[in-house]
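Following: one structure in structure tokens, then a few remarks.
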Amino acid sequence: MQRHVSLRRRPVPYLALLGVAAGVLVGISHSAGASTTLVRSSFAAKDGRTFSVTNHLVTNANVSTASSAGHRPHEWLVVWAGDANAADSTGASISHTPLAVNPVRAQAIDGKDAPPGPDFLAVIDADRDSATYGKVVNTATVGPLVENEPHHMQYIFHKGDSIFAGGLYSDVTYVFDVKKLPQLSLSGVNQPTDTPCGSIPDAYWVLKDHTAYGTYMGGPDVPGPCQYTDGQTRIGNGFGGSPGSIVHVGTDGSTLSETPAALPTSEDPVQCINYPVLPQATCANPHGIQVREDLNRLVASDYAEPRNIVLDPVKPQDANLFRNTVRIFDISKRNDPRLVSVSTMPDGPRVERNPGHEEPRGIMEATVTNLPGHKGAFAESMCGGVIYYTPDITLAKPKWREVFDDTRAARQVDPEVTEGGGCDGGGWLQTSLDDKYLYHAVIGRSPGSLDTYDTGSAKMVYTLDIAKLLESGRSTTCSIDHISEVYDGGAESDCPTLTSVLPVKDLTSGGPHWGTLDNFVRGSDGYFHETRDVQRIAISDYFVARTGVDGDHKVCMVNVDGEGHLTLDRSFRDENEGTPCVDFNRTSWPHGDYGNAKPHSELFVVSDADLR
Amino acid sequence: MPTFADQGSGRSRVNARLRPARLVASLILTSTFTLAAPPAWAHGSDTVAVTPSIWYAALRCLILLTTAVVAGSALLRLVLPAPTANGHRLLVGAAAVAAAGDLIAVPTYGAMPALATAQAAVTLGCVQARSSRTASTGLGAIVVLLVAWEAAAGHGPVGLLAAMLHTAAACVWVAAACRVATSGRAWRNTMRRSAAPVVLASVVVAVSGVAQARLDHLTASPIGWRTLFGTLVLVKAGALIGAVGLALASRRRIANGGMRLEAALLALAVVLGASLAVVPTPPATAETGRPLLRVVSVGHHALQVFVSPQRPGWNVVQVGASARVGVGRSGLTSTHPLPGVNGQWARVWLPAGHSWLTVEQGSKRGQLQLDAGQQPGPTAFASADAAECAEVSRALLARRSDATVRSCPTDALRPDDLQALTRTVEFLRVRGVRSIHVVSDASSRSLAARQNVQIIARAGAMVVDQPGADAELVVSGWSGAAAELEALRGRPAPEFGVYLAPWLLTAPLISRASSVATLTPLPFDPQGAAATDYVSHLSHLSSGGTPTPSGFAAYQDLPDSTADIRLYASALVSVLPTSLGHAHGGAASWLPGGAITAVSAPLAPD
């Protein structure tokens, strides 16, 4: 059994290492004889509040930091995870815990009766050749805020980048330095007061200068007029409301710019309802974000006005709260993005009883093509369960068309599927770096979600072949406009074709929501190099527990062959269970016995020194 | 009882020495056993409401009784010869029933297959090994330990030890009675040889029973007699007293038939003791004049009941489900939700001293004894916002504090709340707000808040209470705030938002304003370590509590702090349609399913 030392349990002597640079305090502590080494760094925010990250490095993991002597270049999977605690389970579920007939019971499986513990970045050995492949070698806990509800980081990591990680509920963006992996340090924090015109940070895209754009899905912190950094003003209805904003975050966490996601004029007041009603109606609740720097375009998809109104016991749910729009910004001036188009996704051939299940509802994610010859982008709807495509994001009025319905993929798992795309929880959407394939994670719909007759829809990750679609360029004819194409796939010759479906067995309320590409390969020189030939992806199975959609809290590795076929990497195993996938439902972590954790997003990372 | 039955001419020297104290000792032991009526495994709780099925209870009694007879008899082979033919038949039958019960428990009640099979096998082995004293004693000891461990599951170290000793001794005791009753003509010899272990077992049962009673905070209070638990205890006591009386009354003329009846009475007592394990323990005695949190059995339901302040006069009663409650002959009142707080509540008038609270659900009733004492409670318990005061008293219970509630939050404006309101008005002035609508009520706290807000606002050239004001500041109590937030659904919200006084940050109120996005100035972080500790303890104490700022202040018991007052935005952040996931109930957090996020730097002092 591993021993560990935590700050909380044993007062260890700190060697305060000195360095105060740019408001950053760094302290290092080692515990002789312990199997966990603590390394702590702090960041003093503008308001005087001190944030910290504490590494809990497993010393017997047989790995070395990038800067140490004799170091062998290494690849890591960094997972942004939240502590699961009493707040993630209902009071009723606690009080109704059944008494066991026999004395043998599971002991403290999940610590759900424990108070909140720290959220953390888990650093997992992702080096296939390593003896500790799949082992958690460090947990870097953040403080002092708990219950951040860790959400997204950037989509992909490149040499020289920092990690940008957001807290959905804390409204905070953390910036982590990864030069000494598996050790991390905190290089910046962006607090709610740094983004007064936006709230509920969702996703990030890191630019070549290593700064990042982030989507803030919710409205301004405080209701009323809010002035953005470009001098524009919008009236918002407050935290978690509308309109959201696009924030340019520096590597030190500072706000370089905050841009309105909303038009200065009113959008369709029927489609874009806001609670409370705004003088200028807007659907601007940006969630997914990707960028083509070569085209000077930023694509952001609007998901929903996040503040809870769907559970309002009085007001009926309005499907239009789930947005059907995609926004494209001109980022020629990086600190002054300009909104150039707001496109409404078209309705499809399905006729749903629940208007919230219609194709364009809840455009959660968008992904751009990558090769210079391609200018297109894709978007997907979480509630609508379809994929849209536009061949050219540089146009003033890009034309979006539905090119795939998730039902076609769900059919592969369950040929008798009913309402296969209806609110099936589509999430991560990503083009392969060579633009041949499109990957998509779908939470699925649990049986009984709609009613007793609902047998649910598949929890899965699938691959589409998009080569023909991209080849056809602006002359594409693919369109899911006939009901037969829902189940059979697009009839036009350039429509995406289903290459592979990886079903995910998960009996929880959730399913696979996120994924990331492994864009690194070890070269003959022993170092890692970036590649467009993606051979594996990592996926995670968790959404947001407090929305009622949780997950099994597993992070899995998936192999991708040259044809885009997906197979589970069974050698990426949990160090405790000995079974495929790293299970974040565990009793102990390097930082202590905090029980289950909720992994929302993950990222393949290689330290600069290991990357050529 | 075989232990003290000293009959006939062949009395032993041991029994002769016991004779003078026989009657007294019998009564003491009987009463002790009765006081410690719940066997070691029959622990109750103030907060857990579980009522196992009657079939489970029956099966459990059957297994425990038959296994106790077999295991105890096997253990007694240390001092007794092999059983007679009658005794052997009894043991074979008991072992068969016990083994079958063990195996039936696997598919029906989820018993561990390996453990149940092993227990069944060893129980049968006890009978098979009757000719070997060593084997029989050893196997008997194993089964006694298994039964004791199984019966004592889930307790702390001291409780576990006491429970195991209690069960093991009970096994010996009941087995001795059975052995004497089936010894035929040799019953006197059997009784004499088993006297020492039985005396020892009796003492162990008594001592461990008392220890368990103390651990369970049980007393001889009459509370139990009105419950099924109390009835079972009474019948059990009757069986024991009958056994003792039978032994004493027939000491010279006792025959084997009398011993059988005595053994049967003792077995009945054991069965009743086993059945107590699956009957809800009666609530512990009320502490005079202190808020009371107990579980009351109503039919097949165990309802959590919270009475505050449990003083003479108006009180509020929270019940874990919709019910009707009342005291004495004053009639029953239906519970209903109260603004700002979770659960079902009713207002009840308590007389001084002892009284009985009746809880009724449908045709079923349960009762809870109260002890209001003589000192009246705060007058605010007569108001519509009494629940806020009740949550303060619950916070004190969560803190395990002996402090009592002498005044309620609505009685006065706290200095830190005044500072929070003052700084909020200044914040609004800087934001450009020119008019403000103040929502208040007639409570002392609210009136003081309104007066101060008006002064500060007017000093900042802001118009107060103008129709269609830029912003709204709610400083009323919970009921007034609930009504205002409800009304906001039907009219346009102020452009600069709705601000709530610090004491209004409760999940039920915030949920009413889910589409408004309220802001609250607070001197603490509801998701900070101290607040989460409070929420955690509150949820452990009871499932019906509501985290409240005034409750948190009472829980902390620290001086007011105004150093770091920030604005917190509260919103239920449920970014999924309900059709994708499943409905989720109230979670153990300040704002289940939502976020309370600091959105301002510390507000500057005026």
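Each value in this text was obtained by applying a stated rule to the coordinates, not by laboratory testing. Source: prediction; values computed, not measured. Reconstructed Cβ throughout: ideal geometry from the backbone, glycine too, with neighbour counts over all protein chains shown.
On the basis of the beta-carbon distance and an R0 of 22 Å, A:Glu293 and A:Arg612 show a calculated FRET efficiency of 0.50.
In units of the compact-protein estimate 2.2 N^0.38 Å, segment A:137-228 shows a Cα radius of gyration of 1.11.
The lysines within cross-link reach of A:Lys333, meaning a Cα-to-Cα straight distance under 22 Å and a gap of 8 or more places when in the same chain, are A:Lys208, A:Lys375, A:Lys397.
Spacing of the modelled spin labels on A:Gln232 and A:Asn576, each 7 Å from Cα toward Cβ, amounts to 4.8 nm.
Helices in chain A, meaning DSSP H runs of at least 4 residues, each add -39500 (n - 2.57). Divided by all residues, the mean residue ellipticity at 222 nm is -1000 deg cm²/dmol. Simple spin-label estimate for A:Asp347 and B:Ala121 gives 6.9 nm between the two label positions (7 Å along the Cα-to-Cβ direction from each Cα). Per residue, the convex hull spanned by the Cα atoms of segment A:400-537 measures out at 121 cubic angstrom. Among B:Thr379, B:Thr410, B:Gly362, which residue has its Cα furthest toward the positive end of the charge dipole of segment B:342-431, with +1 on Lys/Arg Cβ and -1 on Asp/Glu Cβ? Checking the options against the dipole of segment B:342-431, the answer is B:Gly362. What FRET efficiency comes out for A:Asn60 versus A:Asp209 if R0 is 45 angstrom and r is the Cβ-Cβ distance? Round to the nearest 0.05. Step by step, r from the Cβ atoms, then E = 0.70. Within straight cross-link reach of A:Lys46, meaning Cα distance under 12 Å, which aspartates and glutamates are found once same-chain residues fewer than 8 apart are removed? Here the aspartates and glutamates satisfying the reach criterion relative to A:Lys46 are A:Asp194, A:Asp252.
Amide H contacts of A:Ile466: A:Tyr437, A:Leu438, each under 5 Å away and 5 or more positions distant or on a separate chain (H built 1.01 Å from N in the peptide plane; Pro and chain starts excluded). In terms of distances greater than 29 angstrom between alpha carbons, the cross-link table entries A:Lys180/A:Lys554; A:Lys180/A:Lys598; A:Lys468/A:Lys554; A:Lys399/A:Lys436 yield A:Lys468/A:Lys554. Taking amide H atoms as placed 1.01 Å from N in the peptide plane, the amide H of B:Ala111 lies under 5 Å from those of B:Val106, each 5 or more residues away in sequence or on another chain.
Label-to-label distance for B:Val158 and A:Gln271 is 7.0 nm, based on points extended 7 Å past Cα in the beta-carbon direction. Taking a spot 7 Å from the Cα of B:Ser334 along the direction of its beta carbon, which residues of segment B:357-390 have an amide N less than 19 Å from it? Output list for this probe position: B:358-366. Compactness of segment A:214-301 is given as radius of gyration and Dmax, 13.0, 41 Å, from Cα positions. Under the criterion of Cα pairs below 8 Å and six or more residues apart, the relative contact order for segment A:336-432 equals 28 percent.
Extension gain, B:Ala85 to B:Asp560, is 163.0 nm, computed as 0.36 nm per intervening residue step minus the present C-alpha separation. Take the Cβ atoms of A:Thr418 and B:Ala483, set R0 to 45 Å, and the FRET efficiency comes out at 0.50.
When the chain is fully extended, how far beyond the present Cα-Cα distance does B:Ser444 get from B:Ala530, taking 0.36 nm per residue of separation? Spell out each step's value before the answer.
Values: separation 86, 0.36 × 86 = 30.96 nm, distance 2.86 nm.
Full extension from B:Ser444 to B:Ala530 adds 28.1 nm.
Using a Cα-Cα cut-off of under 14 Å, which aspartates and glutamates could be cross-linked to A:Lys459, ignoring same-chain neighbours fewer than 8 residues away? In chain and number order, the partners are A:Asp406, A:Asp414, A:Glu419, A:Asp424, A:Asp506, A:Asp541, A:Asp550, A:Asp552.
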